[in-house]
Amino acid sequence: MSTRNFTFLNSEKSGKRKFLKQSSLCLGGVLCFNSICSNLMAENKKLWKWSREAIYYSLTPRGVKCGICPNECTLKPGETSTCNNRVNYNDKLYTIAYGNPCAVHTDPIEKKPLLHFMPQSRAFSIATAGCNFACLNCQNWEISQTSPRKTANYDLMPENVVKQCLDNQCSSIAYTYSEPVSFYEYVLDTAILARENKLRNVFISNGYINEEPLNRLAPFLDAANINLKSFSDAIYLKLNAGKLQPVLNTLLTLKKHNVWLEITNLVVPSWTDDMEMIRKMCEWLVSNGFSENPLHFNRFFPLYKLTQLPATPIATLLRAKKTAEQAGCKYVYVGNVPDIGTENTICPKCSKMIVERKGYALLSMKIVNSKCYHCGYPINGVWS
Amino acid sequence: MNSAYLLVPLTIFLLTLYSLSVFLVRLSFLTQMVHQKIWNSALLVSFLGTALLGFLIAIQISYKIEWSFSEELLKWHVHSGIALTIVALIHFFRHTGYYLRLFRTDRPAEENEPTPVDNAFPEKNHLPTWMVLSGFLSTCIQVLLIREITTVFQGNELMMSWSLGAWMLLTGIGTFLGRTAMKYEPPREQIAKALLLLIIMPVCLVPLLEILKSELFLPGVMVNPAWFLLILLVFLAPICLLTGFIYSRLVHSNSQGSGGFSRVYAFEAFGSLAGGLMVSFLMVQWFSVIQSLLILLVMTALIAVIVVRAKKYLITLAVALVTTVASLLFPVDNWLKSFLFVNQKVLETRETFYGNLTVTENAGQFNFFVNGTLLSCSDDPITSEEYAHYAMMQHRNPKNILLVSGSATGILSEILKYKSVENIECLELNPKIKDMASRYLALPSDPRISFVFDDGRRSIQTSQNRYDVVVFAIPDPSSLQFNRYYTDDFLFILKQKLNTGAIVLYGIQSSGNYLGEARKKIETSVFQTLKKNFMYTEIIPGERDYLLASDFTIRTDISMVEDSSGIDTKYVNSYYTDERSIQQRGRLIRENLGEKIINRDERPLPVFYHTKQFIAGYTTLTWPVILLPALLLLAPLFFMRTVSMGMYFSGFTASSFEILLIFTFQTYFGYVYSAIGLIIALFMGGLVLGSLWANRVVPGKKQFVLSQISLAFFALLFIAYWNLQSAMHGSQAGLVLFCLLTVVISMITGFQYVIGSKILPGNISLTAPMLYSVDLIGAALGTTLITVLLLPLVGVIYSCFIMAALNLLISMVMVLKKS
């Protein structure tokens, strides 16, 4: 046998072979690179049936600046926003999720959760892909952390949403699951049409929206559930890739517009289960006039990237409820835990049970003309 | 990551590697020249990394190209920059004298590097001890570290295959570098030092791993696969490189001895065999990972004291003994695991045959973790009730119930609410789960419950019982282990054990509000496979998606079923389960299920889709993540020729078949965990036999090519074996065939390795480690590809065809070569 044939390191390669090998490698590399780049560029630059020019953006020397949420992405032509929902096409900003929701369901309104808003009614719920947060524990990550181009969608323009809502005998349309802020234009147009058709609009959101777009949308909203994820900027940044203050601003703006508001706080062990932080959050809510708005403490279950954590202990949720009540919150509920009696509404004045609930069922209701049947204390909410 | 860039970890890692390199020079394992070459190469690689990634970023910015991996690109660019800076600083400080001399006017003459003193191995009689110890330690450390990595990072199929692949690759690199790195003949003492270092490193690194996980990553977060791979390489590099170096060193020391280098191979394989048995049957049963490593340290120090007879090892032994005793007396493991389970009180953590079990307590709630992943927690009525009642309510008179897994949940208590129940058989693979659960949960003590601690599939196959309701409270078909309960072949067996009108329930991860592509494929496969075997199949969406199958009609109107059965429940009732949502969502899922995918033992497709779904959580580049490690492992092929290529594919084939054999054993015999020692023994024994056999024949190209062709034939033979096995259903004859095949594949590899090393021109002390490294790199490719890609995607039979084709192809190339 020759040394040449049986050496590991080919130090004496023939010129021809070396040339062919290197040429094929280079050619393959160039072709792959070219194909990947052209595919990516082509995909991002195309508009489609579900593209609409965005309402809030401005042109800057660095590209178009989206004005919908505090992320305020500045996009060069062809670039996509962090919410995966907006693209810069020829220096104009387009939403690519207009009329193409990927999730369409009808849910009990209590599931949102909204316990003081039209009990026992059903909400026609829609969501498109994309979100302006990147929560580590997102239960809808398969739609929130991707682009509408990558999900299987329905062709459901606003007029069809309204029609289907009516067909399904739902009294409201819920913009939910992923993040309605990221499909704002679709929400706005649908909400206007829904209002014309005497349907209610329900906004289930992280509240991470700029004031101007919210001011425009709020008059068409009937209820909102804002997920106040924590009361710490550091946690907002690490857990959700967001900031706290804009969410607080949203709560205040919605209140200003008299939108019925309920607040949800997911208690995540080792992240948001600090009672001192919960106390501060509740004190802020009370001092800013949210003591009459229901506050839901929800149980966390390991999901998406937060899988090395246990479910929230029930004792922790009950402590959070107690902390909130001590701070002055009048209607505090515990969610995702069945049958522990924390779904009922107790009159803040006479301490009698005025709404007895079990899951989605309403067992008894002692509210007459939005007042406690027993003592006449006004119970905030939209009861019919 | 907590911080944006890995400034501190990278610095620590590079300085550790540099210290290791300096240490190896001092041990005479490396020459100054090789040491310099390594660090010059590191300088070049980090420079090229920084430059090329910077170039790509420049292209992206200049041409406004949007890449989903832009942020990653920037991160890697900065990381390469950090590495470059550290290596450049090392380089600068190392050559300070040179730079200072540049400014001197009176330059002294360059000093020559001192000529190494030929330090011959004085007593070669002890070599077998070191050889066996080397194999023993490397196998023990490998098994223990991979277990620990799995627990810390919640290792899944992909991550575990990467861990094994990385181990083989790095050991291969270590062996390859080691083959030319040593010009000295170090004394036995230095081998002893190296082996001590080999075991000291994991002793230090395991606690560091737990602490770093909590320091570098956010609490409770499953680490991004890219970071996992980086950490894996960083963590394993010092240990694996040293393992490879030691092998090369031993081959070098024994190349001229009786039996030559093949003795090293055989002794090392024997040591690995002993290590595999010791760690599987003794250590993980009684000790934690850190305790096992400390015991190994004591053993190594003791051997060093006996063999080398130097007093200084007595000090090492004393320190190791004290530390080991301390680790046995104090709850060191609980303390270490508390870094992993933040804000939870670790009540108990222990290694078992089947992985790590940890129980934590948080605000009165008990949480059970298996290999770092939550198995169950107390106060979870939703899961317990859904599993139990969605199945039980379907049957008018459920008497005999089979519950597969789920003893650490409240499912048993829920099933017992049905008065008609006469017998509940609870199958649990790991008896320690039930032991732990009974300590912390109020498990019902009812004479109707009988626990069977065995592989579920095997137990069902051999059971004489017939069941009315079967509940599978097992994880999704996310791994080869769990997919076995979802296949067409298994359902066929299960059906034989069902009474008329029996109902079967599986709970898989919920599709939530949207059925993603990968989940759709998984759900389709489970649904269609059930549909193929039962007349009626339904889906009830809940906290999980519950798939029910029966030959009688199935009702999904839960409230009506509930009303008729009159069972008191907290959650599964008309209050909490919204009938309309269940009907609508169930219908929507069924309508969206894709084309017919039948899940078969031979082709466990859902495992692949699970890998895809896992990767999709982190990046859109699913295929590159799966294929890139494999492509990188293929790269060395460009620098190889014939014999090396042949050995590379032998390594690939052997490791793939090792996994295929374990998979076959698990599928048809079911007790792979208790037989793992036997499988290791057979495989290592085959290697020893093969190498000894090769010593008895005259080495030549013909033998090498013939062994390559035998591998191709083995692959074809395996197809026949697989088909035969499915017909025999785990008979004794099948077991004998399994043993025979395990020995044969390893024998061929051992034989080919020895022949290959001998027919390669040059010094055997160089060629043998080189071929060993090629074999390991090929094996790394096999491990990386077979579990997550080949087996699930193309199936056993086509995987065999691919391997047969590859081996025949390389054989043809060798035959056609004019030599």
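The values are calculated or read from the model by the stated rules, or taken from the named source; none is laboratory data. Because the structure is a prediction, the values reported are computed rather than measured. Positions of Cβ are backbone-derived with ideal geometry, glycine not excepted, and every protein chain shown enters the neighbour counts. Ligands, DNA and RNA are excluded from the accessible area calculation, which covers all protein heavy atoms including side chains. Shrake-Rupley method; radii C 1.70, N 1.55, O 1.52, S 1.80 Å.
Here are the numbers:
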{"quantity": "Residue under evaluation residue A:125, criteria (1) more than 18 Å from residue B:618 (Cβ to Cβ); (2) buried (at least 24 other Cβ atoms within 10 Å of the Cβ); (3) more than 12 Å from chain B (Cβ to nearest Cβ), criterion not met", "calculated": "(3)"}
{"quantity": "Residues satisfying the stated conditions in the range A:63-121, i.e. within 16 Å of residue A:202 (Cα to Cα) and of a type in the set (D, E, K, R)", "calculated": "A:107, A:110, A:111, A:112"}
{"quantity": "Filter result for the condition that a residue is modelled with pLDDT of 90 or more and either among the aliphatic types (A, V, I, L, M) or over 21 Å from residue B:478 (Cβ atoms) (or both), over B:181, B:194, B:226, B:166", "calculated": "B:166"}
{"quantity": "Residue B:795 vs. criteria assigned to a helix (DSSP H, G or I) and within 26 Å of the chain's Cα centre (by Cα)", "calculated": "yes"}
{"quantity": "Residues located in the range B:354-370, provided they are without any contact (Cβ under 8 Å) to a residue 12 or more places away in the chain and either open to solvent by less than 20 Å² (accessible area, probe 1.4 Å) or aliphatic (A, V, I, L, M) (or both)", "calculated": "B:363"}
{"quantity": "Candidates B:207, B:202, filtered to the one that is open to solvent by 10 Å² or more (accessible area, probe 1.4 Å), farther than 20 Å from residue B:76 by Cβ, at pLDDT 90 or above and in a helix (DSSP H, G or I)", "calculated": "B:207"}
{"quantity": "Residues satisfying the stated conditions in the range A:135-150, i.e. modelled with pLDDT of 95 or more and more than 10 Å from every other protein chain (Cβ to nearest Cβ)", "calculated": "A:135"}
{"quantity": "Matching residues in the range B:619-641 - criterion: being facing chain A (nearest Cβ under 8 Å) and either open to solvent by 40 Å² or more (accessible area, probe 1.4 Å) or on the phi > 0 side of the Ramachandran plot (or both)", "calculated": "B:620, B:638, B:639"}
{"quantity": "Residue count, the range A:133-154 (criterion: touching a residue at least 60 places away in the same chain (Cβ under 8 Å), among the small types (Gly, Ala, Ser) and surrounded by 20 or more Cβ atoms within 10 Å (Cβ to Cβ))", "calculated": "1"}
{"quantity": "Checklist (1) farther than 20 Å from residue B:628 by Cα; (2) of a type outside the set (Phe, Trp, Tyr); (3) in a helix (DSSP H, G or I) applied to residue B:762, failing item", "calculated": "(3)"}
{"quantity": "Helices (runs of 4 or more DSSP H) wholly inside the range B:255-345 containing at least 2 residues that are of a type in the set (Ser, Thr, Tyr)", "calculated": "B:261-278, B:289-308, B:312-329"}
{"quantity": "Residue in the range A:97-107 that is farthest from the other protein chains (Cβ to nearest Cβ), counting only those that are assigned to a strand (DSSP E or B) and open to solvent by 10 Å² or more (accessible area, probe 1.4 Å)", "calculated": "A:104"}
{"quantity": "Selection within the range B:685-744 - surrounded by 14 or more Cβ atoms within 10 Å (Cβ to Cβ) and outside any helix (DSSP H, G or I)", "calculated": "B:699, B:730, B:731"}
{"quantity": "Some residue of the range A:87-96 being buried (at least 24 other Cβ atoms within 10 Å of the Cβ) and within 12 Å of chain B (Cβ to nearest Cβ)", "calculated": "yes"}
{"quantity": "Of residues in the range B:506-540 being closer than 23 Å to residue A:106 by Cα, open to solvent by 10 Å² or more (accessible area, probe 1.4 Å) and among the charged types (D, E, K, R), the one farthest from the other protein chains (Cβ to nearest Cβ)", "calculated": "B:538"}
{"quantity": "Test: residue B:546 is more than 10 Å from chain A (Cβ to nearest Cβ) and touching a strand residue (DSSP E or B) at 6+ places or on another chain (Cβ under 8 Å)", "calculated": "yes"}
{"quantity": "Enumeration of residues in the range A:331-360 that are of a type outside the set (Val, Ile, Thr) and in contact with a helix residue (DSSP H, G or I) (Cβ under 9 Å, 6 or more places away or on another chain)", "calculated": "A:333, A:335, A:336, A:338, A:339, A:343, A:357, A:359, A:360"}
{"quantity": "Any chance residue B:567 is touching an Asp or Glu at 6+ places or on another chain (Cβ under 7 Å) and open to solvent by less than 50 Å² (accessible area, probe 1.4 Å)", "calculated": "no"}
{"quantity": "Residue among B:296, B:242, B:250 that is of a type in the set (A, V, I, L, M), farther than 30 Å from residue B:766 by Cβ and crowded, with 24+ Cβ neighbours inside 10 Å", "calculated": "B:296"}
{"quantity": "Cross-chain or 6+ apart pairs with Cβ under 6 Å, the range B:556-576 first and away from chain A (no Cβ under 12 Å) and more than 20 Å from residue B:538 (Cα to Cα), then open to solvent by 30 Å² or more (accessible area, probe 1.4 Å) and at pLDDT 85 or above", "calculated": "B:567/B:417"}
{"quantity": "Verdict on residue A:292 being outside any helix (DSSP H, G or I), among the acidic types (Asp, Glu) and out of contact with any strand residue (DSSP E or B) (no Cβ under 6 Å at 6 or more places or on another chain)", "calculated": "yes"}
{"quantity": "Residue in the range A:358-384 that is nearest to the other protein chains (Cβ to nearest Cβ), counting only those that are closer than 14 Å to residue A:348 by Cβ and not in a loop (DSSP other than H, G, I, E, B)", "calculated": "A:367"}
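Residue-wise test of (1) buried (at least 23 other Cβ atoms within 10 Å of the Cβ); (2) more than 13 Å from chain B (Cβ to nearest Cβ).
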position	(1), (2)
A:272	yes, no
A:287	no, yes
A:292	no, yes
A:308	yes, no
A:325	no, yes
A:344	no, no
A:356	no, no
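To keep it simple, each residue is scored yes or no on (1) buried (at least 24 other Cβ atoms within 10 Å of the Cβ); (2) within 13 Å of another protein chain (Cβ to nearest Cβ).
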{"site": "B:335", "(1), (2)": "no, no"}
{"site": "B:352", "(1), (2)": "no, no"}
{"site": "B:372", "(1), (2)": "no, yes"}
{"site": "B:378", "(1), (2)": "no, yes"}
{"site": "B:396", "(1), (2)": "no, no"}
{"site": "B:399", "(1), (2)": "no, no"}
{"site": "B:408", "(1), (2)": "yes, yes"}
{"site": "B:419", "(1), (2)": "no, no"}
{"site": "B:431", "(1), (2)": "no, no"}
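Yes/no per residue for (1) in contact with an Asp or Glu (Cβ under 7 Å, 6 or more places away or on another chain); (2) within 14 Å of chain A (Cβ to nearest Cβ):
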| site | (1), (2) |
| --- | --- |
| B:734 | no, no |
| B:772 | no, yes |
| B:780 | no, no |
| B:786 | no, no |
| B:790 | no, no |
| B:793 | no, no |
| B:797 | yes, no |
| B:807 | no, no |
| B:817 | no, yes |
